[in-house]
């Protein structure tokens, strides 16, 4: 079956530092990968959508300069949170889909900022 | 402004009861609706999707869609304690691989035994 692995599951970083999180699709080829953030208030925000053969599209309030994403092949994507601050805390979810099929989510990377 | 509004924010139903959750999109261009369930500490998992007007049933779960009002609802009959979770509604303008799913804040369902 289709699985999406995210790692690390949890990470703590000091304010102003950066951290990288990874997402791997297993059992299918992810033609698109979406990165979301679920905030402590449970707001579910789309950060960016990365589709094969297209530029990565960032949503309003999120930029490539802050959240650079790499999507080198159909099974792997990574995102870095640069200069993390308190407002960047939350659960970062990677959703991967193959074509028009279901968007499968990984278990997320929970980011805490000290 | 949230483009996908869900109500209620939280809901408590007795075991065996019916849970009804609502979702409306303010984006008139959406065509596809999705319902996800997220248990505490877990990733959201797709429950059901609906693209056509009407009703779709899968076991204890029934989804309705009214495309004119951009309103969808999820009904869970014979609710079980294991149904306690955050239910997320998402809408998108297409079903293709570049479809952008916009999620609501969710409805927290608690089923009490």
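Where a number appears in this text, it was derived from the coordinates with a stated rule and is not lab data. As the structure is a prediction and not an experimental result, all values here were calculated from the model. Every residue, glycine among them, receives a Cβ derived from its backbone with ideal geometry; neighbour counts consider all protein chains shown.
Below, the figures for the structure above:
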quantity: Values of log10 I(q)/I(0), in the order q = 0.09, 0.13, 0.16 Å⁻¹, for the protein assembly as shown under a Debye, Cα-only, solvent-free model; calculated: -0.36, -0.76, -1.12
quantity: Within segment A:2-114, percent of DSSP bridges classed antiparallel, to nearest 5; calculated: 90
quantity: Euclidean distance of C-alpha centroids, segment A:13-81 and segment A:82-114, integer Å; calculated: 7
quantity: Hydrodynamic radius of chain A per Kirkwood, over alpha carbon pairs, in Å; calculated: 13.9
quantity: Inter-chain Cβ neighbour average for residues A:103-113, partner chain, 10 Å; calculated: 3
quantity: Debye intensity ratio in log₁₀ form over the Cα atoms of segment A:52-102, taken at each q of 0.23, 0.25, 0.32 Å⁻¹; calculated: -1.08, -1.21, -1.48
quantity: Segment B:1-78 pair-distance distribution - Cα-Cα, 5 Å bins, rounded %; calculated: 3, 14, 24, 26, 21, 9, 3, 0
quantity: Residues A:87, A:59, sorted so that the one with the fewest Cβ neighbours within 10 Å comes first; calculated: A:87, A:59
quantity: Shielding by other protein chains, A:49-58, mean Cβ within 10 Å; calculated: 2
quantity: Rounded FRET efficiency, nearest 0.05, which uses the C-beta distance separating residue A:102 from residue B:77 and R0 of 22 Å; calculated: 0.40
quantity: Order of B:11, B:65 under a 10 Å beta carbon neighbour criterion, fewest first; calculated: B:11, B:65
quantity: For B:73-85, mean number of other protein chain Cβ atoms within 10 Å; calculated: 0
quantity: Proxy reagent accessibility, fewest Cβ within 10 Å first, across A:28, A:105; calculated: A:28, A:105
